[in-house]
1. Let me confirm something: among 77, 58, which residue is surrounded by fewer than 13 Cβ atoms within 10 Å (Cβ to Cβ) and under 25 Å from residue 128 (Cβ atoms)?
2. Is there a residue being over 18 Å from the mean Cα position of the chain (by Cα), at pLDDT 90 or above and part of a loop (DSSP other than H, G, I, E, B) anywhere in segment 112-130?
3. If I ask for residues that are surrounded by fewer than 19 Cβ atoms within 10 Å (Cβ to Cβ) and assigned to a strand (DSSP E or B), which ones from segment 102-111 would you list?
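The values are calculated or read from the model by the stated rules, or taken from the named source; none is laboratory data. Note that the structure is predicted; figures quoted are calculated from it, not measured. Counting neighbours? That spans all protein chains shown, and the Cβs are built from the backbone with ideal geometry, glycine included.
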């Protein structure tokens, strides 16, 4: 067994070699380094390292944050406002009434909180309304009327028109 390294000051960041000397498995160095990051000097100091942006799409959907980024209030078309309280390592800011920024020092907590907010009103596939991640693209499904319209145009096309278009494509 390897001897433990001498204790370090709290303000110095951990490195890959330090984790190896501590006796941890070398397979998950990337995971450890990604989650450990640089520690802060003060336990209540907040360094915004991870971000997750959400976009509210829909008429009347609004968001506002209060309490220095601790509380988030959403108007999503329900009879009441939906209230969220952010975990200790996460802050919430609203740049516009329809754009929310979740930020923090712990990637898992930031993404979990953003997922919880998104689960209130996930994007629907017919109109595209709801809470989306800023980089998310929703592929819209055709509705019943559009399906009927496409089917009717295919049925009403006569065979002569079809032959005429086919002969144009061949030449």
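1. Only one candidate qualifies: 77.
2. yes
3. Result: no residue meets the conditions.
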